[in-house]
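Novice: Supplied in structure tokens, the structure appears directly below.
The values are calculated or read from the model by the stated rules, or taken from the named source; none is laboratory data. These numbers were taken from a predicted model, which means no experiment stands behind them. Cβ placement follows ideal geometry from the backbone for every residue including glycine, while neighbour counts extend to all protein chains displayed.
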Amino acid sequence: MANAIEIIEVIKRFGATTALESLSLSISDNEFFTLLGPSGCGKTTLLRMIAGFEAVSAGEIRLFGQNIANLPPDRRPVNTVFQHYALFPHMSVLDNVGFGLKMKGVDLAKRRARAGQMLEIVHLSAFADRLPAQLSGGQQQRVALARALAPEPRVLLLDEPLSALDLKLRQTMRFELKQLQKDTGITFIFVTHDQEEALTMSDRIAVMSAGRLQQVGTAREIYEAPNNRFVADFIGETNILQVEAQPISQDLTRVTLPGGSTLDLPAPPTASGQHSLSIRPERLSLDPQGSLTARLEHVVYLGTDLHLMARLADGSPLVIRMQNSARTALPNEGEEIRISIEEGAARLLAD
Ligand code: ATP
């Protein structure tokens, strides 16, 4: 697949602050790509540089093969949807959607036809003559989307566009956005700090922290094979165990778990010594033959799931997630339990 965007060793400084440290990334044409990370990690800055609202301090951004350093924002085949979408209150929905086209000098008849098509795409044809104030928050956000799509950008940048909506609406809009991206075939670059949002919609996700790219991959890759501790912690829930690791062959590392039992992992050679091991809670289970021993502290009921909160011999906490429907006889709080680790579930992390 062709690349829509290539970000090549881009650095961004604001005075003494380095917002992005030498970041390289390629985004394919037609991809739903998400930049995910906590507040201040640099995701909005990256988006603004793609849009042309900020210049890079070093490095290069290419859009469809072209270096865009000298291309002003309005000449880039890019449009942006912001969190606060600011529709014009005195203009009808149809005129709001056609506004970008008017700025480009498109004549009235063409503008209306195109705006009408866009309203169809976002399922708002029946609302063309209303004013924004006569729409719900979700409908207003869909008008903002239609407005951004009307000038036919090849790339749509979305900066936390759902965060002003309530939870229920946010969930519905996730599916609508995903569908819209599929229907239009436009490359979407979506910025969020909400991991659930990123996991539901994206073809690929770039996890960022402190101006650096931590990992790029599909939701599944990032969840199941986190590169490092930050990614393991930030995406979903995980248990981090401190283990002793020792390489025993070219592609096998033996780790000693808290409590003393050992586990051989198909991991590339790792320096001997203390390492962090990540294990997702749903990949642990109660098992009298299990390799981990812990004391059960609490059982938390979460509807379909149960969380067993336990403590290992070295004092570190361990969460085991089980399905509630299993109807297994549960041990009592305070009892010692044995736990087995599903094959392939434990991952040594680079710190
Ligand atoms: P949020 O989710 O809170 O919007 P973010 O991940 O989008 O965060 P950015 O807004 O890109 O983060 O900011 C990255 C870093 O750059 C932060 O440390 C921020 O304070 C700094 N920064 C951003 N814009 C400017 C600016 N115009 N001047 C100075 N520093 C800035």
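Novice: What strands (runs of 3 or more DSSP E), lying completely within the range 128-227, carry at least 3 residues that are within 30 Å of residue 270 (Cα to Cα) and aliphatic (A, V, I, L, M)?
Specialist: In the range 128-227, 204-209 are the strands (runs of 3 or more DSSP E) which contain 3 or more residues that are within 30 Å of residue 270 (Cα to Cα) and aliphatic (A, V, I, L, M).
Novice: Restricting attention to the range 173-180, does a residue exist that is of a type in the set (Phe, Trp, Tyr), surrounded by fewer than 17 Cβ atoms within 10 Å (Cβ to Cβ) and assigned by TED's automatic domain parsing to the domain that holds residue 79?
Specialist: Scanning the range 173-180 turns up at least one residue that is of a type in the set (Phe, Trp, Tyr), surrounded by fewer than 17 Cβ atoms within 10 Å (Cβ to Cβ) and assigned by TED's automatic domain parsing to the domain that holds residue 79.
Novice: Would you point out the residue of the range 12-28, among those that are surrounded by fewer than 19 Cβ atoms within 10 Å (Cβ to Cβ) and small (Gly, Ala, Ser), that is farthest from the ligand (Cβ to nearest atom)?
Specialist: The qualifying residue farthest from the ligand (Cβ to nearest atom) is 28.
Novice: Can you find, within the range 272-317, the residue that is surrounded by the fewest Cβ atoms within 10 Å (Cβ to Cβ) among those that are free of Cβ contacts under 8 Å to residues at least 24 places away in the same chain and farther than 15 Å from residue 257 by Cα?
Specialist: 303
Novice: Taking residue 46 and the conditions (1) over 25 Å from residue 185 (Cα atoms); (2) within 12 Å of the ligand (Cβ to nearest atom); (3) outside any loop (DSSP other than H, G, I, E, B), which numbered condition does it fall short on, given that it satisfies the others?
Specialist: All conditions pass for residue 46, except number (1).
Novice: Is it true that residue 208 is touching a Cys at 6+ places or on another chain (Cβ under 6 Å) and not small (Gly, Ala, Ser)?
Specialist: Values: touching a Cys at 6+ places or on another chain (Cβ under 6 Å): yes; not small (Gly, Ala, Ser): yes.
Taking the combined requirement at face value, the residue satisfies it.
Novice: Could you name every one of the strands (runs of 3 or more DSSP E) located completely within the range 271-324 that has at least 3 residues being among the β-branched types (Val, Ile, Thr) and out of contact with any Cys (no Cβ under 6 Å at 6 or more places or on another chain)?
Specialist: It comes to 292-302.
Novice: Report yes if residue 63 is within 16 Å of the ligand (Cβ to nearest atom) and either of a type outside the set (Lys, Arg) or surrounded by 14 or more Cβ atoms within 10 Å (Cβ to Cβ) (or both), otherwise no. Show your work before the answer.
Specialist: Numbers: within 16 Å of the ligand (Cβ to nearest atom): no; either of a type outside the set (Lys, Arg) or surrounded by 14 or more Cβ atoms within 10 Å (Cβ to Cβ) (or both): yes.
Judged against the criteria, residue 63 is not a match.
Novice: Do any residues in the range 71-95 that are touching a residue at least 12 places away in the same chain (Cβ under 8 Å) and assigned by TED's automatic domain parsing to the domain that holds residue 118 have Cβ atoms under 6 Å from those of residues that are among the aromatic types (Phe, Trp, Tyr) and not in a loop (DSSP other than H, G, I, E, B), where the two are at least six apart or on different chains, and which pairs are they?
Specialist: Sorted first by the residue in the range 71-95, then by its partner, the pairs are 93/127.
Novice: Identify all residues within the range 63-88 that are within 25 Å of residue 15 (Cα to Cα) and either at pLDDT 90 or above or in a helix (DSSP H, G or I) (or both); write none if there are none.
Specialist: Listed by number, the residues that qualify are 67, 68, 71, 72, 73.
Novice: I would also like to ask the following. Could you say whether any residue in the range 329-351 is of a type outside the set (A, V, I, L, M, F, W, C), surrounded by 18 or more Cβ atoms within 10 Å (Cβ to Cβ) and closer than 29 Å to residue 199 by Cβ? Let's see the steps before the verdict.
Specialist: Restricting attention to the range 329-351, the residues satisfying the condition of being of a type outside the set (A, V, I, L, M, F, W, C) are 331-336, 338, 340, 342-344, 347, 351.
Checking the rest, the ones that are also surrounded by 18 or more Cβ atoms within 10 Å (Cβ to Cβ) come to 347.
Cutting the leftovers down to closer than 29 Å to residue 199 by Cβ gives us 347.
Yes, that holds for at least one residue.
Novice: Taking only the range 49-62 into account, find how many residues are assigned to a loop (DSSP other than H, G, I, E, B) and out of contact with any Pro (no Cβ under 8 Å at 6 or more places or on another chain).
Specialist: Qualifying residue count for the region: 4.
Novice: Which of the following residues is of a type outside the set (Phe, Trp, Tyr) and either under 22 Å from residue 203 (Cβ atoms) or within 16 Å of the ligand (Cβ to nearest atom) (or both): 9, 31?
Specialist: So the residue among 9, 31 that is of a type outside the set (Phe, Trp, Tyr) and either under 22 Å from residue 203 (Cβ atoms) or within 16 Å of the ligand (Cβ to nearest atom) (or both) is 31.
Novice: Here is a follow-up. Against the definition (of a type outside the set (Lys, Arg), at pLDDT below 90 and not assigned by TED's automatic domain parsing to the domain that holds residue 207), how does residue 337 come out, yes or no?
Specialist: No, not satisfied.
Novice: Does the range 229-237 contain any residue that is modelled with pLDDT of 90 or more, over 25 Å from the mean Cα position of the chain (by Cα) and at negative phi?
Specialist: Looking for residues that are modelled with pLDDT of 90 or more, over 25 Å from the mean Cα position of the chain (by Cα) and at negative phi, one finds none in the range 229-237, hence no.
Novice: Looking at (1) modelled with pLDDT of 95 or more; (2) in contact with a helix residue (DSSP H, G or I) (Cβ under 7 Å, 6 or more places away or on another chain); (3) crowded, with 17+ Cβ neighbours inside 10 Å, which one does residue 49 not meet, given that it meets all the others?
Specialist: Answer for residue 49: the failing condition is (2).
Quick grid of which residues meet (1) closer than 21 Å to residue 180 by Cα; (2) over 20 Å from the mean Cα position of the chain (by Cα); (3) within 16 Å of the ligand (Cβ to nearest atom):
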{"residue": "42", "(1), (2), (3)": "no, no, yes"}
{"residue": "81", "(1), (2), (3)": "yes, no, yes"}
{"residue": "93", "(1), (2), (3)": "yes, yes, no"}
{"residue": "107", "(1), (2), (3)": "no, yes, no"}
{"residue": "122", "(1), (2), (3)": "yes, yes, no"}
{"residue": "125", "(1), (2), (3)": "yes, yes, no"}
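Novice: Another question about this same structure. If the requirement is being touching a residue at least 24 places away in the same chain (Cβ under 8 Å) and closer than 18 Å to residue 344 by Cα, which of these qualifies: 191, 255, 207, 216?
Specialist: When all the criteria are applied, what remains is 255.
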